[in-house]
Amino acid sequence: MVASNPISTLANGNLLIFVKYTDASFTGQPSENPGSVQQIRYGETNGGLVVLSDTQTIEILAHFARERIPERSVHAKAAGAFGEFEVLDDISDLTDAAFLTGVGKKTPILARISTVGGEKGSADTVRDVRGWATKFYTEEGIQDFVFNDLPVFFIRDPIKFPSMNRSHKRHPRTNIPENNMFWDFHVNNPEGIHALTHLFGQRGIPESVRHINGFSVHTYTLNKSDGSYVYVKWHFKPEDGVKTMDPERAARLAGTDPDYHVRDLFNSIEAGDHPTWIVSIQVMQPEEVKDAPIDIFDCTFTWPYEKYPLRRVGRLTLNRNPDNYFQDIEQACFSPSNMVPGIGPSADPVLQARMFSYPDARRSQLLPAAAQQTSQQGICSIHYVFSQLRPVSLSSRVQVPTHEIYDGQVTAFATQFNENKDYVQARQLWNIISAESREKKFIGNVLGTFKGLDPQLKSRVIEYLGLVDKEIKRQLEQG
């Protein structure tokens, strides 16, 4: 709301509102001087007792005390923007999801791209996973994709999720990041070796968030109303290519320009240089699952491209910056459980746990009213159900998991590490790193985390990583 010739300004939450002969209170009553405070005056001094009937002052102070929300436990620091998704190739043979059918169809989106471990004021150019959350405002409801820029995850047992994230953050006693804590978790939970090989590789620090991949990590389903379904993995590939940053420059920027990635995305979009990504899927038929070379419900594995090639779906474009970062990006919340008809989850236990955990984090983080704020609402949002004046139209397709039947005993189950299986893809990735002559960079990145490391733990880390390739062990021992 901007009035012409404003004579004063008041901050309403995080949005600066210009006013002319009016205050910024919730009553909207005119005020000759919005900066004045009702008082019982004390002589000719500036002193006085503020009266309770001055609702304008009380409302502004009360709002200020409540306008912030708790910081996210993870993914606190982020860049974000609005844009659109355009269908390039129709996949109506696989799904009934309306926003994925019809070449040329466009759907508005909101994207939030974040680091994981750091706090809201932390540096952008750190070695970390990037979260890639996208909200599609479809005519059938909200579709959230909550992806990462690495194709695999560090764990496959969801109960480890809190411990894994804590090990990547600050030590509870010293309040500083702790290499001992990081490596103590990973050598004792070795299934993350594939993700670690990615993290300490060239792509651990991106040049910008405009040049990162997005991966679903988990297996999802696409389904149709006739009961047919397929398993898929989603991929976002930047059309301008993946670009990375060397650790020395990243460390320098972390000190001189900690908001480098946030600034880069905002300035690029503002200048009309809109980043784009090609959206593709890998597809697996249900009857292929039994003979698949990997466990498709294990998010520490990727699907081989040669067996399950990418099939193009569409293009993501980010083309509009938020008008109010706090309202549009900071309060935006995403959940893998937000799915429209035609898209479904799989039996990946980590995905199943995230479908609970993400909405629960939103309930904890946001004020009660904020769940209804603008960026969460779909284009078909409603205010209450069973309205006679404006009845809700019902979809003929209800999202129910009719495509899979689970029959078995409820048991306490924890996955087991299998060196012959769990090291395979990490070794394949190391061979690629070596072929590109980037092994010294990888070794240097790992050695950077050895500072202050307990000697016994350091030996275990070297043995752990050395099982990927003996050359890694040799070079780490040489230091």
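Could you name the aspartates and glutamates whose alpha carbon sits less than 14 Å from that of LYS421, not counting residues in the same chain fewer than 8 places away? Excluding near neighbours in sequence, the set is GLU191, ASP295, ASP298.
Ranking of LEU465, LEU49, LEU447 by neighbouring Cβ atoms within 10 Å, starting from the fewest: LEU49, LEU447, LEU465. Couplings 3J(HN,Hα) of the stretch 83-88, computed from phi: x, 8, 10, 10, 6, 9 Hz, in residue order, whole Hz [Karplus 6.51 cos²θ - 1.76 cosθ + 1.60, θ = phi - 60°; x for Gly and Pro].
Value of Rg to Rh for the stretch 50-168, rounded to two decimals, is 1.14; Kirkwood radius and Rg both from alpha-carbon coordinates.
Note that the stretch 87-153 carries a Kirkwood radius of 14.1 Å, evaluated over its alpha carbons pair by pair.
Taking the convex hull of the alpha carbon positions in the stretch 240-284 and averaging its projected area over all directions gives 4.9 nm². With a cut-off of 9 Å between beta carbons, the residues surrounding LEU150 carry a summed charge of +1, where Lys and Arg count +1 and Asp and Glu -1.
When only C-alpha pairs under 8 Å and at least 6 residues apart count, what is the relative contact order of the stretch 130-203, in percent?
On the way: 70 pairs, mean separation 19.2, N = 74.
Normalised by residue count, the contact order of the stretch 130-203 is 26 percent.
Qualifying trypsin sites (Lys or Arg not before Pro) in the stretch 147-225, where qualification requires a DSSP coil assignment and no more than 11 other C-beta atoms within 10 Å, comprise ARG173. Applying a threshold of 27 Å to the alpha-carbon distances of LYS307/LYS458; LYS106/LYS237; LYS77/LYS440 flags LYS307/LYS458; LYS77/LYS440 as lying beyond it. Annotation: amide H of ILE343 within the under-5 Å range of ASN223, sequence separation 5 or more or interchain, hydrogens built in the peptide plane. Restriction of the GluC sites (Glu not before Pro) in the stretch 79-180 to DSSP coil positions whose beta-carbon has at most 16 other beta-carbons within 10 angstrom yields GLU119, GLU139.
What ranking of LEU94, LEU110, LEU253 emerges when the number of other C-beta atoms within 10 Å of each C-beta is taken as an exposure proxy, fewest first? Walk me through the numbers before you get to the answer.
On the way: LEU94 22, LEU110 25, LEU253 19.
Lowest to highest Cβ neighbour count: LEU253, LEU94, LEU110.
Return the loop-located trypsin sites (Lys or Arg not before Pro) in the stretch 291-355 (DSSP other than H, G, I, E, B) with at most 13 other Cβ atoms within 10 Å of their own Cβ; answer none if there are none. Write down the numbers at each step before the final one.
Details: sites: LYS307, ARG311, ARG312, ARG315, ARG320, ARG354; in loops: LYS307.
Counting only loop positions with at most 13 other Cβ atoms within 10 Å, the trypsin sites (Lys or Arg not before Pro) in the stretch 291-355 are LYS307.
So what is the relative contact order for the stretch 130-262, in percent, with contacts set as C-alpha pairs under 8 Å and at least six apart? Intermediate values should be presented prior to the final figure.
Working: 169 pairs, mean separation 29.4, N = 133.
Relative contact order comes out at 22 percent.
Bear in mind that the values in this text are calculations on the coordinates, not laboratory data. None of the values given here were measured: they were computed from a predicted structure. Please note: Cβ atoms are built from the backbone with ideal geometry, for glycine as well, and neighbour counts cover all protein chains shown.
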